[in-house]
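Accompanying notes for the structure given below.
The values are calculated or read from the model by the stated rules, or taken from the named source; none is laboratory data. If you're wondering where the values come from, they're calculated on a predicted model, not measured in any experiment. FYI the Cβ positions are ideal-geometry reconstructions off the backbone, even for glycines, and counts take in every protein chain you see. The accessibility values were calculated without ligands, DNA or RNA, using every heavy atom of the protein model including side chains. Shrake-Rupley method; radii C 1.70, N 1.55, O 1.52, S 1.80 Å.
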Amino acid sequence: MTTTARELAPPWARPAAEVCEELGTGPGGLSEEEAARRLAGGRNVLPRGSPPSLAALVGGQLRDTFIRVLLAAGLLTLVIGDASDTAVIGLVVAVNTALGVRQERQAQRAVDALSSLAAPTAALVRAGEPVTVPAEEVVVGDVLVLRAGDLVAADARLLTAVDLCADEAALTGESAPATKTEEPSAADALVADRTCVVHAGTVVTQGRGTAVVVATGPASEVGRLAGLVATTTSPRTPLQLRLDRFGRQVALLVVGLCGLVLLIGVLRGEPLLTMTLAAITLAVAAVPESLPAVVAVSLALAAKRMAACSAVARSLPAVEALGAVTVIAADKTGTLTEGRMSARAVWADGATATATGEGYAPTGTWSAEGQDLTALLEAVALCNDAELAYDGSDWVVTGDPLEGALLALVGRAGLDAAAVRAAAPRTAELPFDHVRARMTTAHARPDGGFRVVCKGSPESVLGLVEDPAGAAAAAAAMAEEGLRVLAVAAHDLPRLPEDLADLDAGLELLGLVGLHDPPRAAAAGAVRACVEAGVVPLMITGDHPRTAAAVARRIGLLRDGDVVVTGADLAQGRGFDLDHARVFARTAPEQKLGIVDELRAAGHVVAMTGDGVNDAPALRRADVGVAMGRSGSEVARQAADLVLLDDDFATIVEAVAEGRRVYDNIRRFLVYGLAGGAAEVLIMLVGPALGMALPLLPAQVLWVNLLTHGLPGVALGTEPGEPDSLRRPPRDPAQGVLAAGVLPAILGIGTTIAAVSLVLAEVAQHRGLPWQSMLLVTLTMQQLYVALVLRSARRSVVATGLRGNPSLLLAVLLNVGLLVLAVQWGPLLELLGTRQLTAGQLGACSLVALATPVGIEVAKAVLRRTRGGVAAA
């Protein structure tokens with residue numbers, strides 16, 4: 001049961017101190033022990049639909065169209081007293097249902113595991129110390145720390161608010177962010193008028209603050225709304241919908257052909273009931289009815305494999321869409337670079353100072369060549385919201401990594417940042433935003449008056465000072481070296497202006513700071529992999545064009561002839577040529593959205609990375625939105641389809657390979673399943689013309705279907721990716737599932753299987769051998785052999801090896817054993833209407849069945865020489 005504040009009056013109608021007293025908490029938050037005690041009363045989660053029961057899963061399988069046809073056929077055989085066919089049909093239904101239920105449960109487990117990996121977190125104060133916990137562990141009385149980009153974890157009464165705004169559109173429908181203050185609201189205030197409360201599920205768009213949690217889970221406002229809506233089903237992926245349509249088309253075609261089989265049999269004098277049953281069972285056997293389940297499982301297992309590579313798929317359609325991506329637009333900081341800033345150089349009055357050190361440790365070397373840079377260093381400590389702390393093994397940053405690097409610089413120069421801040425407490429501020437591109441703070445001086453400090457991009461800050469004194473040229477030179485440059489300015493005021501927007505007036509330049517963020521070790525290789533895969537890598541950053549270009553050249557993304565497009569170029573309406581535009585620098589968040597729109601309008605499938613709240617629209621608009629798991633804001637993660645737990649560009653490339661693997665496996669299953677179905681239909685159509693009244697009995701057709709479409713088909717969906725999956729161009733997103741060689745492969749393989757089977761049956765019939773049982777064995781063995789050679793469309797079965805997918809080999813061996821039992825074991829002989837075969841006859845069938853896989857191997861060898869392989873399988 002979730003706890004809430006005792007409702008003397010609603011929390012928004014009372015002073016914050018009174019609410020804290022009522023909840024037994026304060027600005028320092030709860031102790032860990034008290035938080036654990038309250039958590040025992042209920043977690044901060046919304047009610048979820050319970051997973052489907054076993055009965056519901058079984059019922060869902062039995063509602064499948066083809067299973068219903070099979071059940072109808074079973075009922076018909078039962079009515080006419082055909083016990084053997086009834087038993088076989090019952091066995092097929094049981095096995096297919098069991099496999100389907102198992103697959104659905106496996107997919108659900110995989111998705112549940114991914115959900116836990118992508119769960120949001122919350123920044124809190126507990127026992128006076130900042131901590132980060134999973135959002136579901138937030139309890140009433142906890143104190144939230146709110147920053148721009150955060151997804152609010154629970155309903156909370158504000159304790160402090162500095163220029164705080166929140167996007168509450170999900171609750172109120174208001175498009176404009178709501179301004180938040182600490183002042184109480186009216187007791188009967190609607191959600192949109194509760195200015196001193198932030199609500200679970202809303203987004204902090206700017207500013208910062210703290211708030212005490214007053215309601216969690218179902219007791220929160222969003223929980224109350226969630227209680228009105230019960231959703232138990234997930235939307236089907238576009239690929240599944242496309243395959244469903246395709247399946248219905250195939251079903252209609254097969255039903256028509258089977259009607260032809262029925263007509264031919266009746267005209268030849270066969271019993272109507274027998275031919276009707278044969279036609280129905282053939283229709284069921286010829287259509288790969290397990291295809292939708294195979295698709296769902298393939299996507300879920302692929303998502304699980306991606307999670308093991310630090311890429312969490314929040315949306316299963318994104319897994320398949322990754323395989324069609326043609327452009328990856330990546331942020332620079334933290335994605336292509338390490339995201340571990342280090343202040344390396346300081347410029348002031350024409351002279352340069354340098355610093356070295358590891359990570360964010362406030363220790364290292366400092367060389368200032370006799371300069372007194374105290375004022376500059378104190379300024380970057382004051383105009384700074386980050387905190388550094390030693391976690392027992394390393395120095396870590398709470399807040400912006402860039403600001404953490406500035407604090408480390410202060411320590412390396414021998415100053416105590418905490419002491420500097422204590423001597424000049426902050427009294428006012430203009431937080432950083434992407435329009436101003438700078439942050440300004442005001443601090444009380446010990447001797448009276450105020451110190452105003454401003455830091456931001458050189459373009460933003462240098463325009464405010466009277467005489468840059470060569471600073472612009474110095475900033476350009478530092479940027480050419482790949483450094484991110486910040487300009488720092490300050491001035492003293494006797495009193496603060498009434499309008500805080502005037503704080504920036506009259507600033508004097510203190511200097512420049514150059515920060516280094518080295519490229520990731522794997523970035524250059526990942527860029528090369530993109531190019532080889534036919535995917536265009538782009539860099540989109542808010543950084544200086546020279547800095548972005550330096551990093552892009554270092555990792556091979558920007559080459560001779562390529563250009564850098566700036567936000568100013570885009571603002572002036574100048575388009576870009578994707579053949580040469582590789583870097584977009586100094587871009588505003590809304591321009592990222594425009595870039596995505598232009599790329600998609602040109603026919604590209606775009607994967608877009610982002611980490612901030614302002615990146616969310618572009619992440620939503622991209623075909624695959626990719627958010628940073630470490631450095632990204634919660635709203636960016638919630639807006640994305642894919643979350644990178646390691647913030648590494650190379651991980652996106654691995655995810656693209658996984659997406660291509662999924663699509664290849666689905667097409668591989670289609671070739672296998674439909675070729676076998678086509679072969680069975682052809683045998684039933686052509687066999688009577690060769691004197692075989694009924695080439696296969698209904699029970700025998702079902703047995704073939706059970707052995708070939710069951711475990712081997714599912715195992716094909718787990719096939720490892722082709723080694724060259726990232727050395728071929730992405731598929732056309734408009735490409736149908738039968739395109740690029742799939743249909744010819746189905747027809748060619750199906751015709752070959754049917755021809756080989758019929759030739760053997762014809763020879764056996766002329767020699768007085770049990771031709772029908774030999775036909776059954778040959779037909780089934782060919783399909784099982786084909787499963788092994790279809791593992792790769794380009795490599796031979798020898799090059800592929802059998803160890804890469806042991807589940808397929810085991811499935812084939814198991815079903816070969818079951819096939820042998822069907823022509824050896826008495827009960828199955830009676831059940832299926834087969835005859836016992838000798839070892840020689842079994843060996844002959846097995847050898848003849850090798851004709852089709854050998855033919856496929858020869859065709860692959862020819863195509864490797866002529867066209868480099870088939871895309872089909």
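Quick notes
Per-residue answers, yes or no, for (1) part of a helix (DSSP H, G or I); (2) at pLDDT below 90; (3) of a type in the set (Gly, Ala, Ser):
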| site | (1), (2), (3) |
| --- | --- |
| Met539 | no, no, no |
| Asp543 | no, yes, no |
| Val551 | yes, yes, no |
| Phe584 | no, no, no |
| Leu593 | yes, yes, no |
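- Among the residues making up segment 571-587, those that are open to solvent by 40 Å² or more (accessible area, probe 1.4 Å) and more than 16 Å from Ala550 (Cα to Cα) are Ala571, Gln572, Gly573, Arg574, Gly575, Asp577, Asp579, His580.
- Inside segment 386-431, residues that are among the β-branched types (Val, Ile, Thr) and either more than 32 Å from the chain's Cα centre (by Cα) or crowded, with 19+ Cβ neighbours inside 10 Å (or both) make up a count of 4.
- Cβ-Cβ distances below 8 Å connect the following pairs, each with a first residue in segment 463-487 that is farther than 22 Å from Glu403 by Cβ, a second residue that is among the charged types (D, E, K, R) and part of a helix (DSSP H, G or I), and a separation of six or more residues or different chains: Ala476/Arg546; Glu480/Arg546.
- Flag if Ala55 is surrounded by fewer than 18 Cβ atoms within 10 Å (Cβ to Cβ), farther than 20 Å from Thr210 by Cβ, at pLDDT 90 or above and within 36 Å of the chain's Cα centre (by Cα): no
- If you go through segment 595-619 and pick out every residue that is within 16 Å of the chain's Cα centre (by Cα), modelled with pLDDT of 80 or more and not polar (S, T, N, Q), you end up with 5.
- Of the criteria (1) of a type outside the set (A, V, I, L, M); (2) exposed (fewer than 15 other Cβ atoms within 10 Å of the Cβ); (3) at pLDDT 90 or above; (4) within 22 Å of Ala715 (Cα to Cα), which one Thr852 fails: (2)
- Considering the conditions (1) within 30 Å of Leu829 (Cβ to Cβ); (2) buried (at least 24 other Cβ atoms within 10 Å of the Cβ), Gly710 is excluded by exactly one of them, (2).
Results for (1) surrounded by fewer than 22 Cβ atoms within 10 Å (Cβ to Cβ); (2) β-branched (Val, Ile, Thr); (3) out of contact with any Ser or Thr (no Cβ under 8 Å at 6 or more places or on another chain); (4) part of a helix (DSSP H, G or I), shown as yes or no for each residue.
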residue	(1), (2), (3), (4)
Leu738	yes, no, yes, no
Ala745	no, no, yes, yes
Val763	yes, yes, yes, yes
Tyr785	no, no, no, yes
Arg795	yes, no, yes, no
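- Test: Ala408 is touching a Pro at 6+ places or on another chain (Cβ under 8 Å) and either within 27 Å of Asp372 (Cα to Cα) or among the polar types (S, T, N, Q) (or both): yes
- Scan segment 196-220 for residues that are surrounded by 21 or more Cβ atoms within 10 Å (Cβ to Cβ), more than 24 Å from Thr441 (Cα to Cα) and not hydrophobic (A, V, I, L, M, F, W, C) and the total you get is 6.
- Only a single criterion out of (1) open to solvent by 10 Å² or more (accessible area, probe 1.4 Å); (2) touching a Gly at 6+ places or on another chain (Cβ under 7 Å); (3) within 28 Å of Glu338 (Cβ to Cβ) is not satisfied by Asp492, namely (3).
- Only one of the listed residues (Gly404, Gly414) is assigned to a loop (DSSP other than H, G, I, E, B) and under 19 Å from Ala345 (Cβ atoms). That residue is Gly414.
- For the criterion of being open to solvent by less than 40 Å² (accessible area, probe 1.4 Å), in a helix (DSSP H, G or I) and closer than 23 Å to Glu830 by Cα, Met774 passes.
- Selected residue (criterion: farthest from Ala474 (Cα to Cα)) from residues of segment 358-385 that are open to solvent by less than 20 Å² (accessible area, probe 1.4 Å) and in contact with a helix residue (DSSP H, G or I) (Cβ under 6 Å, 6 or more places away or on another chain): Tyr360
- Just so you know, in segment 524-552 the residues that are of a type in the set (Val, Ile, Thr) and open to solvent by less than 10 Å² (accessible area, probe 1.4 Å) include one that is nearest to the chain's Cα centre (by Cα), and it is Val535.
- Picking from residues in segment 855-868 that are of a type outside the set (A, V, I, L, M, F, W, C) and surrounded by fewer than 20 Cβ atoms within 10 Å (Cβ to Cβ), the one that is modelled with the lowest pLDDT is Gly868.
- Filtered residues of segment 666-687 (kept if open to solvent by less than 10 Å² (accessible area, probe 1.4 Å) and more than 20 Å from Met781 (Cα to Cα)): Ile666, Arg667
- Any hit, segment 491-512, residues being within 27 Å of Ala618 (Cβ to Cβ), at pLDDT 85 or above and touching a strand residue (DSSP E or B) at 6+ places or on another chain (Cβ under 6 Å): no
- Residue within segment 14-37 that is touching a helix residue (DSSP H, G or I) at 6+ places or on another chain (Cβ under 8 Å), at pLDDT below 80, in a helix (DSSP H, G or I) and open to solvent by less than 50 Å² (accessible area, probe 1.4 Å) present: no
- Answer residue from segment 689-707, given it is closer than 20 Å to Gly256 by Cα and open to solvent by less than 10 Å² (accessible area, probe 1.4 Å) and is modelled with the lowest pLDDT among those: Pro698
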